[in-house]
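Colleague: Attaching a single structure in structure tokens format; questions to follow.
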């Protein structure tokens with residue numbers, strides 16, 4: 001397995017709600033945050049990559065919507081996710 005698959009599997013294991021959970025809001029937020037962080041590293045060397053920047057903004061918006069949903073449905077999981085992912089709010 002490559003590094004990305006291992007990292008993804010690790011994140012799913014950490015944030016899942018039940019044994020077969022791969023798509024809950026907290027898991028999705030963790031996976032999107034990982035992709036955002038990797039794109040941030042990409043932009044340090046490729047400052048003019050506008051097409052990827054558009055994808056990054058799309059991911060940020062999607063994560064924001066998922067965080068708002070999680071905040072409404074389960075404030076405790078919301079706070080826990082923010083703390084574990086080092087997201088400020």
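Read the figures in this text as sums done on the coordinates, not as results from a lab. Computed from a prediction, not measured in an experiment: that's the story for all the values here. Neighbour counts are summed over all protein chains in view; Cβ atoms, including those assigned to glycine, are modelled from backbone coordinates with ideal geometry.
Colleague: Within segment 67-86, which residues are touching a residue at least 24 places away in the same chain (Cβ under 8 Å) and surrounded by fewer than 13 Cβ atoms within 10 Å (Cβ to Cβ)?
Modeller: Correct list: 73 only.
Colleague: A further question on this structure: Across segment 55-66, which residue is surrounded by the most Cβ atoms within 10 Å (Cβ to Cβ) among those that are without any contact (Cβ under 8 Å) to a residue 40 or more places away in the chain and in contact with a helix residue (DSSP H, G or I) (Cβ under 8 Å, 6 or more places away or on another chain)?
Modeller: Initial filter on segment 55-66 (without any contact (Cβ under 8 Å) to a residue 40 or more places away in the chain): 55-65.
Applying the additional criterion that residues be in contact with a helix residue (DSSP H, G or I) (Cβ under 8 Å, 6 or more places away or on another chain) yields 55-56, 59-60, 62-63.
Numbers: 55: 13, 56: 18, 59: 16, 60: 14, 62: 15, 63: 20.
Here the residue is 63.
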